[in-house]
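The values are calculated or read from the model by the stated rules, or taken from the named source; none is laboratory data. Note that this is a predicted model, so its numbers are computed, not measured. Ideal geometry is used to build each Cβ from the backbone, glycine not excepted, and the neighbour counts take in all protein chains shown.
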Amino acid sequence: MAKADLSAAWIFFFLTLPCVFHPERMLWLLFFLVSAIHAELCQPGAENAFKVRLSIRTALGDKAYAWDTNEEYLFKAMVAFSMRKVPNREATEISHVLLCNVTQRVSFWFVVTDPSKNHTLPAVEVQSAIRMNKNRINNAFFLNDQTLEFLKIPSTLAPPMDPSVPIWIIIFGVIFCIVIVAIALLILSGIWQRRRKNKEPSEVDDAEDKCENMITIENGIPSDPLDMKGGHINDAFMTEDERLTPL
Amino acid sequence: AFLIPYVIALVFEGIPIFHVELAIGQRLRKGSVGVWTAISPYLSGVGLGCVTLSFLISLYYNTIVAWVLWYLLNSFQHPLPWSSCPPDLNRTGFVEECQGSSAVSYFWYRQTLNITADINDSGSIQWWLLICLAASWAVVYMCVIRGIETTGKVIYFTALFPYLVLTIFLIRGLTLPGATKGLIYLFTPNMHILQNPRVWLDAATQIFFSLSLAFGGHIAFASYNSPRNDCQKDAVVIALVNSMTSLYASIAVFSVLGFKATNDYEHCLDRNILSLINEFDFPEQSISRDDYPAVLMHLNATWPKRVAQLPLKACLLEDFLDKSASGPGLAFIVFTETVLHMPGAPVWAVLFFGMLFTLGLSTMFGTVEAVITPLLDVGVLPRWVPKEALTGLVCLVCFLSATCFTLQSGNYWLEIFDNFAASLNLLMLAFLEVVGVVYVYGMKRFCDDIAWMTGRRPSPYWRLTWRVVSPLLLLTIFVAYIILLFWKPLSYKAWNPKYELFPSRQEKLYPGWVRAACVLLSLLPVLWVPVAALAQLLTRRRWTWRDRDARPDTDMRLDTDTRPDTDTRPDTDTR
């Protein structure tokens, strides 16, 4: 953008000069050509051009900085830096990166030209260069992938942080072990209680069995007059079922 | 406005039937099978039906508890696993299915259920769901292992903890922005929805599930009460406390839902504003949410073509409030998304799913007890087998049967069980319960029993509702339910990522064999009633013939149905 302005200023200056000095005319032609080419190379929707959108206020709130020419210079520097990492493109300079159509949204278009400044570098190269260095570019501006968008350049997402053992299995193991231990304790305590209950009446039974061994024999028929087993059914009383006489 | 049919159903249907169940359980001191055999041997099928129904319900209900356990276990991490989509294979974007729906839905349908697109396609067993199911049955076993002895102690925690969590959520929910809108939505009477018969039906079935009527669980629990317990007071108090709790819970839920709806509405507006700003290159944050309608109108007038091609959605707060689903959708999708927006998300997720887990457990106690107590009474296993073994066997059988819900198509089967096994049978069995007690056992005898137990005779309200209102209401609801069910062919909503209108769920018809299964499920518990009555009739006839042939003069046959006070029971005269 600045370059176009500068070129326009030069054009105006040379137009006002009398067309006498031929070297200046050549220079004027050269500048005109250069600015025209620049204007053609960087245009919205041009070949190999990318639109960039920044959302500084969303990302930083009160600490947002204003977007001015210095920030643009930094941006050009970051893009040039990314391109220099591509093999065969180590000679990329900041002046090879052209910006145009800066809006108040803070969005603009940019292209990267080759050293001859005649044509732009292929989009694929620029894309891969930006993708590989997106993190550095984000950090330079205190932004992230959502607030510094290169339209048509998808960013590589961070890999999911999978711990070796998922957390839920650990907690599940803890809870399950507690439950199994509790069940085992409950079952065992039930068995102990039952064994204790069985032992007590059998001790009482032992004492009474000795008395019962003397079965009285009356008239040749053995009889045990009363059932001495403590706490059991006393046959002298009628049971519930036979309380009501059937019809 | 839903409160009106709810209160009517509670007063005329819920409390009377609840009182009947408590009274007969307390008086006859047996589980559901024993109680109905005592009232009339021909009605023993009702008890068997209740046992079968409780068995079927416990199968699928504990699966839901297993899902809650899975979510609970996954809540102990930050960030929560359902907060973002996983990246796809070459890490350029998110997984397509997740991109199309939402991270929360993706976590539920894919990472939890791994659901198939069709019910015919069963898929494989999901091992994580299987071990969660095993864990939840183990917890149920641990709490029910010695019956009332252990359940009684656990219930102090499982009943009080949800109240604590609800209070915390209520306080938090009311301090969130947008909560008042949710509460206004809850309490604004919208009389138009009362004209929809579906609402009345939903209120009635909701009462059934809320009070757990016709499960047999209350009969089982009441049989452990002392005979002189005031069951009338119990019935009214418990039903009212239950309803108050539902209201309290709904206030907490709706304040949180109001927050969610407001949040969604604001995000919707923000997305629209961003589209406008990006398209027309306005400075950032230059359009506020209040200015948006005016700006949109202005831009539509000046640049209609550019505005028309933007993906602008209509943002209405009411739409977002209406979208809150009920049932599993509410807990696993709507609420999980809401906790993401609350600061300190894992804490709220742990609290919420912990509360749901304890609530599910306490319902499971009643349902499993309704299966175990009749089995104990009938004496299925010999006496020397300890109670722990019987409980363990029941839990093991239930767990093995419920593994079908851990298949990939398990969610579809669960919906079938929920829709068909539960509602129809509950209505039918409750109707038979009321009619059986009032007309077969005898209203006079029943009132005498209650007077003996509580010290006073039931008031005319009870007598009227038992005799006329409840049976009529139940019959109407049953008929209406049948009509609504078969109004249109049976279909289900499938989650199909390849559907054109994804993320909407695709409506598919049930195949023939599934429809047969639905019919079987709806009829199986109720079938016990005629089968048992027929069996009883045939047994009686056989005895009479055998007596007549063997010993024509003596009639010293022991009646098998001598239970308390059988003299006023209408007897058949085949003796």
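Residue-by-condition table, conditions (1) over 22 Å from residue B:216 (Cα atoms); (2) in contact with a Lys or Arg (Cβ under 9 Å, 6 or more places away or on another chain):
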{"site": "B:392", "(1), (2)": "no, no"}
{"site": "B:395", "(1), (2)": "no, no"}
{"site": "B:400", "(1), (2)": "yes, no"}
{"site": "B:426", "(1), (2)": "no, no"}
{"site": "B:430", "(1), (2)": "no, no"}
{"site": "B:438", "(1), (2)": "no, yes"}
{"site": "B:443", "(1), (2)": "no, yes"}
{"site": "B:462", "(1), (2)": "no, no"}
- Item | Residue match in the range B:43-60 (condition: more than 9 Å from chain A (Cβ to nearest Cβ), within 30 Å of residue B:390 (Cβ to Cβ), of a type in the set (Ser, Thr, Tyr) and touching a Cys at 6+ places or on another chain (Cβ under 7 Å)) | yes
- Task: Only residues that are away from every other protein chain (no Cβ under 14 Å) and over 21 Å from residue B:61 (Cα atoms): list them for the range B:378-406, please.
- Result: B:378, B:379, B:380, B:381, B:382
- Task: Look at residue B:525 and say whether it is assigned to a loop (DSSP other than H, G, I, E, B), within 24 Å of the chain's Cα centre (by Cα) and farther than 20 Å from residue B:200 by Cα.
- Result: no
- Criterion: farther than 30 Å from residue B:77 by Cα and in contact (Cβ under 8 Å) with a residue 12 or more places away in the chain - qualifying residue of B:372, B:333, B:277: B:372
- Message: For the condition more than 14 Å from every other protein chain (Cβ to nearest Cβ), in contact (Cβ under 8 Å) with a residue 60 or more places away in the chain and farther than 30 Å from residue B:23 by Cα, what is the one hit in B:223, B:250?
- Response: B:250
- Message: Let me spell it out: the conditions are (1) more than 10 Å from chain B (Cβ to nearest Cβ); (2) under 30 Å from residue B:86 (Cβ atoms), and residue A:99 meets all of them except one. Which number is the exception?
- Response: (2)
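Can you spot a residue in the range B:299-306 that is among the basic types (Lys, Arg), within 14 Å of chain A (Cβ to nearest Cβ), part of a helix (DSSP H, G or I) and without any contact (Cβ under 8 Å) to a residue 60 or more places away in the chain?
Looking through the range B:299-306, none of the residues is among the basic types (Lys, Arg), within 14 Å of chain A (Cβ to nearest Cβ), part of a helix (DSSP H, G or I) and without any contact (Cβ under 8 Å) to a residue 60 or more places away in the chain.
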- Message: Being among the small types (Gly, Ala, Ser), assigned to a helix (DSSP H, G or I) and in contact with a Pro (Cβ under 9 Å, 6 or more places away or on another chain) is the requirement here; does residue B:250 meet it?
- Response: no
- Item | Test for residue B:279: is it over 30 Å from residue B:64 (Cβ atoms), in a loop (DSSP other than H, G, I, E, B), touching a helix residue (DSSP H, G or I) at 6+ places or on another chain (Cβ under 9 Å) and within 14 Å of chain A (Cβ to nearest Cβ) | no
- Note on the structure: In the range B:65-110, anything in a helix (DSSP H, G or I) and within 11 Å of chain A (Cβ to nearest Cβ) is listed as B:69, B:70, B:71, B:72, B:73, B:74
- Item | The one condition in (1) in contact with a helix residue (DSSP H, G or I) (Cβ under 6 Å, 6 or more places away or on another chain); (2) modelled with pLDDT under 85 that residue B:435 fails to fulfil | (2)
- Within the range B:406-416, is even one residue in contact (Cβ under 8 Å) with a residue 24 or more places away in the chain, under 30 Å from residue B:12 (Cβ atoms) and out of contact with any Cys (no Cβ under 7 Å at 6 or more places or on another chain)? yes
- If you check B:289, B:271, which single one turns out to be surrounded by fewer than 18 Cβ atoms within 10 Å (Cβ to Cβ), under 43 Å from the mean Cα position of the chain (by Cα) and assigned to a loop (DSSP other than H, G, I, E, B)? B:289
- Among the residues of the range A:60-88, which ones are over 14 Å from residue A:99 (Cβ atoms), of a type in the set (Phe, Trp, Tyr) and at pLDDT below 90? A:65
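Mind checking whether some residue in the range A:136-154 is part of a loop (DSSP other than H, G, I, E, B) and within 9 Å of chain B (Cβ to nearest Cβ)?
Scanning the range A:136-154, I find at least one residue that is part of a loop (DSSP other than H, G, I, E, B) and within 9 Å of chain B (Cβ to nearest Cβ), so the answer is yes.
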- Taking the range B:118-166 only, how many residues are of a type in the set (S, T, N, Q), more than 14 Å from chain A (Cβ to nearest Cβ) and more than 24 Å from the chain's Cα centre (by Cα)? 3
- Any idea how many residues of the range B:89-111 are in contact (Cβ under 8 Å) with a residue 60 or more places away in the chain and not acidic (Asp, Glu)? 8
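One line per residue, one yes/no per condition, for (1) among the β-branched types (Val, Ile, Thr); (2) over 30 Å from residue B:29 (Cβ atoms); (3) buried (at least 21 other Cβ atoms within 10 Å of the Cβ):
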{"position": "B:148", "(1), (2), (3)": "yes, no, no"}
{"position": "B:152", "(1), (2), (3)": "no, no, no"}
{"position": "B:167", "(1), (2), (3)": "yes, yes, no"}
{"position": "B:221", "(1), (2), (3)": "no, no, yes"}
{"position": "B:225", "(1), (2), (3)": "no, no, no"}
{"position": "B:237", "(1), (2), (3)": "yes, no, no"}
{"position": "B:250", "(1), (2), (3)": "no, yes, no"}
{"position": "B:258", "(1), (2), (3)": "no, yes, yes"}
- Query: Hey, among B:378, B:385, which residue is among the hydrophobic types (A, V, I, L, M, F, W, C) and either within 22 Å of residue B:139 (Cβ to Cβ) or touching a residue at least 12 places away in the same chain (Cβ under 8 Å) (or both)?
  - Reply: B:378
- Residue pairs qualifying under the 6 Å Cβ cut-off, at least six apart or on distinct chains, with the first in the range B:307-327 being closer than 11 Å to residue B:257 by Cα and of a type in the set (Phe, Trp, Tyr) and the second being part of a helix (DSSP H, G or I) and at pLDDT 75 or above, are B:320/B:261; B:320/B:264; B:320/B:265
- Task: Select, from B:399, B:405, the only residue that is aromatic (Phe, Trp, Tyr), surrounded by 22 or more Cβ atoms within 10 Å (Cβ to Cβ) and in contact with a Leu (Cβ under 7 Å, 6 or more places away or on another chain).
- Result: B:405
- Task: Could you check the range B:386-463 for helices (runs of 4 or more DSSP H) lying wholly inside it with 2 or more residues that are β-branched (Val, Ile, Thr)?
- Result: B:387-402, B:423-435, B:443-454
